[in-house]
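As structure tokens, the structure follows; a few thoughts come after it.
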């Protein structure tokens, strides 16, 4: 790493930050977290984010969305969005990866609030050691129903045996537990619906294999996880049936859109903060990009407030999806402005700027992609959002 790269990735939010109150956003969840994370430049975390994951566990920021009744912080959606965006400024890959942890916990918290003791027990266990949970679901591709899964759970005495492959699976190295969407099967193979299975990451039959080779978000630990006949207790499998099951699936999508969108805004913020101060001064491109990032965050925060205010599930989901789509449409263009602001000298000396700018396009690959918005949890999408391409 060059001295230029180290210097340029040090955030300067106090004087020229794109996102307001960056330290306060992080320290609201854990006192001193901003200073601890800012001790290293983002370019180092993009090679290895494991120190970030360790800091988040140590500070118990991993319990941000676990209900207080289960030993967590019970944070609001607005605060979670602000936190993820701030984390993305300091450690882009870590923000993308931990989205997979937080959104599943948030949705499971709603199940616990509805009185499900199994959900409460899992959340309490996760809160106890500030554990990290990875999330494995169906891959979103145009023309493919998200209910077409690659993992099965076969019912047996005392529980299920889960077999499947999830790739990529962020947090595959650091996870303590894995949440996996599965097709339920009777012992004779008869389909019995769909479920979320919560698998101990150390269980026999869980194996990790290299998968991710792109330099973009390489530190998110997005490798392949193979499950072969893994025993999962019955109380760790949640069939997606009835109103609770449908609401869980919808909440998963709502929270995912909020948090993944916030994380990508943070990635854009990282690119902005990496621009040297002398290049920012008087730069119309940098100023325009910063204003665009703040505008997109304001719309996303409006969607988060709908969650905090207990709006109907359909309103929550559609607001979150619209905010995500707006970010997906605008973010790459803002990244181009920031590349222009950084200048050709930085382009020549390091690939960090172009890597971050390219990374902004990856939001389009997260579920539910345009053209793949069918399945459990997406029934409440309005036609204009569901059919958007």
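The values are calculated or read from the model by the stated rules, or taken from the named source; none is laboratory data. Here the structure is a predicted model, which is why all the values come from computation and not from measurement. So basically every Cβ, Gly included, is an ideal-geometry build from the backbone, and we count neighbours across all protein chains shown.
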**Asked** Out of curiosity, is residue 308 closer than 29 Å to residue 182 by Cα and in contact with a helix residue (DSSP H, G or I) (Cβ under 6 Å, 6 or more places away or on another chain)?
**Response** no
**Item:** Answer residue from the stretch 231-245, given it is in contact with a helix residue (DSSP H, G or I) (Cβ under 8 Å, 6 or more places away or on another chain) and part of a strand (DSSP E or B) and is farthest from residue 121 (Cα to Cα) among those
**Value:** 239
**Residue check for residue 267: crowded, with 16+ Cβ neighbours inside 10 Å and either outside the structural domain of residue 329 (by TED's automatic domain parsing) or in a strand (DSSP E or B) (or both)** = no
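Tell me whether the stretch 143-161 contains one or more residues that are in contact with a helix residue (DSSP H, G or I) (Cβ under 8 Å, 6 or more places away or on another chain) and either modelled with pLDDT of 95 or more or assigned to a strand (DSSP E or B) (or both).
Pass one, the stretch 143-161, residues in contact with a helix residue (DSSP H, G or I) (Cβ under 8 Å, 6 or more places away or on another chain): 158-160.
Right, trim to either modelled with pLDDT of 95 or more or assigned to a strand (DSSP E or B) (or both) and you get 159-160.
Checked the stretch 143-161: at least one residue is in contact with a helix residue (DSSP H, G or I) (Cβ under 8 Å, 6 or more places away or on another chain) and either modelled with pLDDT of 95 or more or assigned to a strand (DSSP E or B) (or both).
Only one of 305, 295 is part of a helix (DSSP H, G or I), more than 17 Å from residue 377 (Cβ to Cβ), more than 17 Å from the chain's Cα centre (by Cα) and without any contact (Cβ under 8 Å) to a residue 12 or more places away in the chain. Can you tell me which?
Just a single option satisfies the conditions, and that option is 295.
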**Asked** How many of the residues making up the stretch 16-28 are at pLDDT 95 or above and not in a helix (DSSP H, G or I)?
**Response** 1
**Request:** Inspect the stretch 215-228 for any residue being in a strand (DSSP E or B), at pLDDT 95 or above and farther than 29 Å from residue 91 by Cβ and give the result as yes or no.
**Result:** yes
**Message:** Given the options 281, 224, name the one that is in the same structural domain as residue 154 (by TED's automatic domain parsing) and over 18 Å from residue 85 (Cα atoms).
**Reply:** 224
**Request:** Go through 108, 56 for me and flag whichever is crowded, with 24+ Cβ neighbours inside 10 Å, within 29 Å of residue 215 (Cβ to Cβ) and either in contact (Cβ under 8 Å) with a residue 40 or more places away in the chain or not assigned by TED's automatic domain parsing to the domain that holds residue 264 (or both).
**Result:** 56
**Complete:** Per the list (1) in contact with a strand residue (DSSP E or B) (Cβ under 9 Å, 6 or more places away or on another chain); (2) assigned to a helix (DSSP H, G or I), residue check on residue 131 breaks on (2)
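So how many residues does the stretch 59-87 have that are part of a helix (DSSP H, G or I) and either over 23 Å from residue 117 (Cβ atoms) or touching a residue at least 12 places away in the same chain (Cβ under 8 Å) (or both)?
Residues in the stretch 59-87 being part of a helix (DSSP H, G or I) and either over 23 Å from residue 117 (Cβ atoms) or touching a residue at least 12 places away in the same chain (Cβ under 8 Å) (or both): 16 in total.
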**Request:** With a cut-off of at least 3 residues that are surrounded by 17 or more Cβ atoms within 10 Å (Cβ to Cβ) and in contact (Cβ under 8 Å) with a residue 12 or more places away in the chain, name the helices (runs of 4 or more DSSP H) lying wholly within the stretch 310-370.
**Result:** 313-342, 352-359
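Which of the following residues is within 15 Å of the chain's Cα centre (by Cα), outside the structural domain of residue 216 (by TED's automatic domain parsing) and farther than 22 Å from residue 177 by Cα: 114, 39, 77?
77
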**Asked** When you go through 248, 198 one by one, which is the residue that is buried (at least 19 other Cβ atoms within 10 Å of the Cβ) and either assigned by TED's automatic domain parsing to the domain that holds residue 41 or not in a strand (DSSP E or B) (or both)?
**Response** 248
**Prompt:** Which of (1) farther than 30 Å from residue 246 by Cβ; (2) modelled with pLDDT under 95 is the odd one out, the single condition residue 331 does not satisfy?
**Reply:** (2)
